[in-house]
Amino acid sequence: MRVLWFTNIAIGEAPDLMGSTRNIFGGWLDGMFGQFSDTDGVEVSVAFPLKDPVPAITGDSATYYSFRSGPLGQEPVSGIVDSIRDILSDAQPDIVHVFGTESQHVVTVLRLCQELRIPALLQMQGLMGSITKHFTGWLPDKVTRRATLPERVLKRSTQHHLDNFRAAGELESEALGLAKHVLGHTTYDRAWASQVTPSATYHHAEETLRQVFYGNDRWSPNLCDRYSLLVSQASVPYKGAHIAISAMPIILRSFPDAVLYIAGPNPVGSGSLMQRIRRSGYGWYLSRLIKRCALSDKVKFVGALDQSAMRDRYLQSHVFLSCSSIENESNSVSEAKILGVPVVASYVGGVTDRIRHGVTGFHYQGDAPYMLAHFAMEIFSNDKLALNLGSEARADAVLRHDRQRNLNRILEIYRTVLLSPGYESEVSNGE
C-alpha cells in the first residue's frame, strides 16, 4: 500500500535532508511516522509546506516532498495546484492522508484527489471553525478590542489573531465539505464533523503520543516540586493562561510556596524595548495581570521545550493545568496522564472524553478560576488522592494511546476507505 501524507510540518528525516528546522511540537507525528515506515507492506511518502521548497528527496524511510504555502488564514499562494499535482503524480499513492483541516493546501489536495480519483482521508486536529467561537477565552471585551499602533502595524493584536483564525475556519469548512472520509478522536470532533459535513464517513481512532512518553518515567509526589503548577502554553487566549494566573492569588493564600510555570513561547517577553514593541495585545494583558496580582516571582515562563525537556517539566510539577476555553484531543492532557501527573482541566471540547471527574483528574468550569484553585489545592493537600488520580489516569492513557493498537486501527481505516464506493478500481491497482 502506497500512502502519501500531507502534514503541516517537516517530519522524519526531512528536516535534516532539506536543511529545515525541526518543529518541537511535531513529535507525535514523528513517532507515528516511524511506526508506519517500519510496517511491512506499507510505503509512506510525506509532503509538507516549506518556505523555500526543494526537489523531492528520498531518505532511508521515505520520499519527502515540499511545496510553497502561505500564512494561516491567507489566500493560497500561486502555483500550489501545479506543485501538489506534480507531487501526486510522482508519489502515485493508493491513498492520501491529510493531517489537519485548516491549512491553505488542504482544499487543493482534496480537490485534486477528487479529480484524480485518489482516495483521501482528512484528519481533524484543532478545529478552527469551533476555536473562533471560543478564541477570546473569557477575556474582557476591552482587551479583545485593544490594539496599540505597533500591534496594528505588526498585526499582532488579539483581533488580528482572531481574524486569521476565522479565515482559516472558512478554509476548514470548505475542506470538510470536500471530504468523503474524516478521521477524528473525540465526541467533540465527531459532533462538529456531523454538522459541517454530514455526508462524510467519520472514522474514530485514538492518538499516538510523542516517543519519549512511552518510557518508564512515573510521577511521584515525593519527587516533584511541591505546590508547582504547569500550563503547556500561553501564546493565544483560548489556551487560558490568564485563568491559571487569576487562580494563583487564591492558591497562594493557603499555599504561599506555590509557583505557576508556563511552557511554550513567552507572550510577555523580557521587557526590552524591542520585545515590548512586538508584544501582542494578549501579551500586554498577561503582563498587567501578573503585575496587578503581584505575581512577578510566582509566574515563570520556561520557554519552548523539546519533548524530553517537556517530559521532565511534567514530572517536576505537582499539578498539570489545562485551562483552555476549547480543545479537541489535548495532547498535553494525555502526556500528563500517561506519566501519572495529576490533572485539573476545564470541561471543554474533547477534553471531556479524556478526564473522568474525580477518577482520572478533575474538571472545573472553564471561566471559574476559583474552582481551578479549589481542585489544585485538593491535590496539594492530599498525596493519596494525587497518587490515585495519577494511577487511574496512567492506566487509561496506556490503553488509549497504545502505539501498536493505534497503528492497526489507522491501517484498518485505510483499508476501509480503499474499499468504499467509487474507489474499487484503485484498490485493485494499488494493492
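Packing-based ranking of 318-326, 107-115 yields 318-326, 107-115, ordered from highest to lowest mean Cβ neighbour count within 10 Å. Over all pairs of different C-alpha atoms, segment 33-162 has a mean inverse distance whose reciprocal, the Kirkwood radius, equals 17.3 Å. Beta bridges from DSSP with both residues in the chain: antiparallel share about 5 percent, rounded to the nearest 5. Selection among PRO237, GLY215, ALA258 by position relative to the dipole of the chain gives ALA258 as farthest towards the positive end (Cβ unit charges, Cα centre). Among the listed pairs LYS51/LYS155; LYS239/LYS300; LYS51/LYS133; LYS133/LYS300; LYS337/LYS384; LYS142/LYS239, those with a Cα-Cα distance over 26 Å are LYS51/LYS133; LYS133/LYS300. Ranking LEU149, GLY129, HIS204 by Cα position along the charge dipole of the chain, where only Lys, Arg, Asp and Glu carry charges on their C-beta atoms, puts LEU149 farthest toward the positive end. Packing order of peptides 335-343, 183-191, highest average first: 335-343, 183-191 (average count of other Cβ atoms within 10 Å over each peptide's residues).
Rounded to the nearest 20, the size of the Cβ-charge dipole of segment 212-400 about its Cα centre is 600 debye, with Lys and Arg at +1 and Asp and Glu at -1.
Values quoted throughout were computed directly from the atomic coordinates according to the rules given, and no laboratory measurement underlies them. All of these numbers come straight from a predicted model, not from anything done at the bench. Ideal geometry is used to build each Cβ from the backbone, glycine not excepted, and the neighbour counts take in all protein chains shown.
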